[in-house]
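The values are calculated or read from the model by the stated rules, or taken from the named source; none is laboratory data. Given the structure is predicted, the values throughout are model-derived calculations rather than measurements. Here the Cβ positions follow ideal geometry from the backbone for every residue, glycine too, while neighbour counts run over all protein chains shown.
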Amino acid sequence: MTAILGLATVLMFTSLIVAFSVLATRKGKSAGSGRAGSPQISRDIPGLDQLPQAVGEAVESGRRLHIAIGSGALGGQDTSTSLAGLSAAGQIASVAVVGDRPPLITTADGASMLLAYDLLTEAHKGANASDRFDPNAARVVGLSPESYAAGALVLPKDEKLAGTVLLGAAGPEAALILDANTRAGLTTIAGVDKVATQAALFAAADHPVLGEDVFAAGAYISRRPALLASLQAQDWMRMLVIGGIALGVLAKTMGWL
């Protein structure tokens, strides 16, 4: 029974993604563009809405934007969160590299640093700015949560940052990083997957990204049709699950089961 439910869930999720992608394509053609449109975002994420302004301020001021992936490591329990942070970092970097100083991506994991390096390389190539590529723009500033926080604390002053975007896996040490940026008068946008840390970031960050919205950051920023269709399908699946739970509770309460 469990296997059947799992298969049905996968098929339903895939069908929703295909359906939303097809609807976006038809919408684009009906508008006369001849190209695929983008699925509409079913909900706003206030924290991520501030990203364009943060990137714009960094470009205009000639300062660096710090993108923190956190202290999670690929290959462990933080893999999905770290990949979500890297996906968002790549989208942010593709826009921020047009400035005089490229964005800085920090992590506590060597594998994540290598992926961040590749993302920055591709972002510079896409913007025809390979001559401004800084090999040190992707860094491991500490190999543990504590050392990562200690290494990130000095960045606002040493790198003359314009702001910090923390999207990834991080513990309570993230509050120290954000506090250092706040004291320096910098804008902070932050979202992590750990509930306890989310409570701290809600108070420490200027623009917190709560809950599973961290995993939607890449799609929300890039606005790519395939990713947005997946995000919209996730929202619909969430509503279907909530509806199913509510019906189950009602049926149990009324004695129908």
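Please verify whether Ala116 is farther than 15 Å from Gly99 by Cβ, in the same structural domain as Leu74 (by TED's automatic domain parsing) and touching a residue at least 12 places away in the same chain (Cβ under 8 Å), treating the condition exactly as stated. Steps first, please.
On the way: farther than 15 Å from Gly99 by Cβ: yes; in the same structural domain as Leu74 (by TED's automatic domain parsing): yes; touching a residue at least 12 places away in the same chain (Cβ under 8 Å): yes.
Yes: the conditions hold for Ala116.
Taking the stated definitions as given, is Asp158 modelled with pLDDT under 90 and surrounded by fewer than 17 Cβ atoms within 10 Å (Cβ to Cβ)? Before the answer, list the steps.
Values: modelled with pLDDT under 90: yes; surrounded by fewer than 17 Cβ atoms within 10 Å (Cβ to Cβ): yes.
It is true that Asp158 is modelled with pLDDT under 90 and surrounded by fewer than 17 Cβ atoms within 10 Å (Cβ to Cβ).
I need a count of the residues in segment 125-156 that are closer than 16 Å to Asp100 by Cα and touching a residue at least 12 places away in the same chain (Cβ under 8 Å).
Going through segment 125-156 one residue at a time, the tally reaches 8.
Within segment 135-144, can one find any residue that is in a helix (DSSP H, G or I) and more than 13 Å from Ile67 (Cα to Cα)?
Within segment 135-144, the subset in a helix (DSSP H, G or I) is 135-137.
Going one step further and asking which of them are more than 13 Å from Ile67 (Cα to Cα), we end up with 135-136.
Looking for residues that are in a helix (DSSP H, G or I) and more than 13 Å from Ile67 (Cα to Cα), one finds at least one in segment 135-144, hence yes.
Pick from segment 157-180 the residues that are in contact (Cβ under 8 Å) with a residue 60 or more places away in the chain and assigned to a helix (DSSP H, G or I): which of them is farthest from Pro102 (Cα to Cα)? Reasoning before the result, please.
So in segment 157-180, the residues in contact (Cβ under 8 Å) with a residue 60 or more places away in the chain come out as 159-171, 173-174, 177.
Subsequent filtering for residues that are assigned to a helix (DSSP H, G or I) retains 173-174, 177.
On the way: Glu173: 25, Ala174: 23, Ile177: 20 Å.
Step by step, filter segment 157-180, then rank; the result is Glu173.
Let me confirm something: among Gly99, Gly75, Gly85, which residue is part of a loop (DSSP other than H, G, I, E, B), touching a helix residue (DSSP H, G or I) at 6+ places or on another chain (Cβ under 8 Å) and buried (at least 20 other Cβ atoms within 10 Å of the Cβ)? Lay out the reasoning, then the answer.
Working: Gly75 fails: buried (at least 20 other Cβ atoms within 10 Å of the Cβ); Gly85 fails: part of a loop (DSSP other than H, G, I, E, B).
It is Gly99.
Collect the residues in segment 188-204 that are in contact (Cβ under 8 Å) with a residue 24 or more places away in the chain and either closer than 19 Å to Ser82 by Cβ or not assigned by TED's automatic domain parsing to the domain that holds Pro52 (or both), keeping them in residue-number order.
Of everything in segment 188-204, those that are in contact (Cβ under 8 Å) with a residue 24 or more places away in the chain and either closer than 19 Å to Ser82 by Cβ or not assigned by TED's automatic domain parsing to the domain that holds Pro52 (or both) turn out to be Ile189, Ala190, Gly191, Val192, Asp193, Lys194, Ala196, Thr197, Leu201.
When segment 22-36 is examined, which residues are found to be small (Gly, Ala, Ser), in contact with a helix residue (DSSP H, G or I) (Cβ under 8 Å, 6 or more places away or on another chain) and either modelled with pLDDT of 75 or more or not in a helix (DSSP H, G or I) (or both)? Working first, answer last.
At the first step, the residues of segment 22-36 found to be small (Gly, Ala, Ser) are 24, 28, 30-34, 36.
Filter once more, keeping what is in contact with a helix residue (DSSP H, G or I) (Cβ under 8 Å, 6 or more places away or on another chain): 24, 34, 36.
Hits for segment 22-36 are Gly34, Ala36.
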